[in-house]
Amino acid sequence: MLFMLATNGVLPYREHEKDMPNSLFTLLQHNPDKFFETHSKTLKKFHQIFTPEFKELFLGMTRADPKDRWTLEKIKKSSWYNKIIYLKSELPKAVRTYTLHY
């Protein structure tokens, strides 16, 4: 769900054999930078939609070995989880400011 929120509904592991010879899950586990680069190209996003804080959280939550995955306690302490949340009245200004940077 986290990945789908960040990408407007794109699934993190959905791929077509002809376009992606390696599994995106395998790529995520062994070369996360390439995983995020591949998704950025697929989404045709030329600015960085995956912040370092998002990547850290997502990678912690999706480790292949369940013993290595982040606990709910660690997730709640992550910088992405604790980022600024705007009130409805503040959001338009925040969005304008954000989009001016890209």
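When residues of region 18-49 are filtered for being modelled with pLDDT of 85 or more and in a loop (DSSP other than H, G, I, E, B), how many remain? Result for region 18-49: 1. Among residues that are of a type in the set (G, A, S), surrounded by 14 or more Cβ atoms within 10 Å (Cβ to Cβ) and under 14 Å from L2 (Cα atoms), S40 is not included. Can you tell me which residues in region 53-67 are within 14 Å of the chain's Cα centre (by Cα) and open to solvent by less than 90 Å² (accessible area, probe 1.4 Å)? Hits for region 53-67 are E53, F54, K55, L57, F58, L59, G60, M61, T62.
Residue-level check: of (1) at pLDDT below 95; (2) part of a helix (DSSP H, G or I); (3) more than 17 Å from M1 (Cβ to Cβ), K74 misses just (1).
The values are calculated or read from the model by the stated rules, or taken from the named source; none is laboratory data. Being a predicted model, the structure only gives us computed values, none of them experimental. Reconstructed Cβ throughout: ideal geometry from the backbone, glycine too, with neighbour counts over all protein chains shown. For the accessible areas, the whole protein counts, side chains as well, though only heavy atoms, and no ligand, DNA or RNA atoms are used. Shrake-Rupley method; radii C 1.70, N 1.55, O 1.52, S 1.80 Å.
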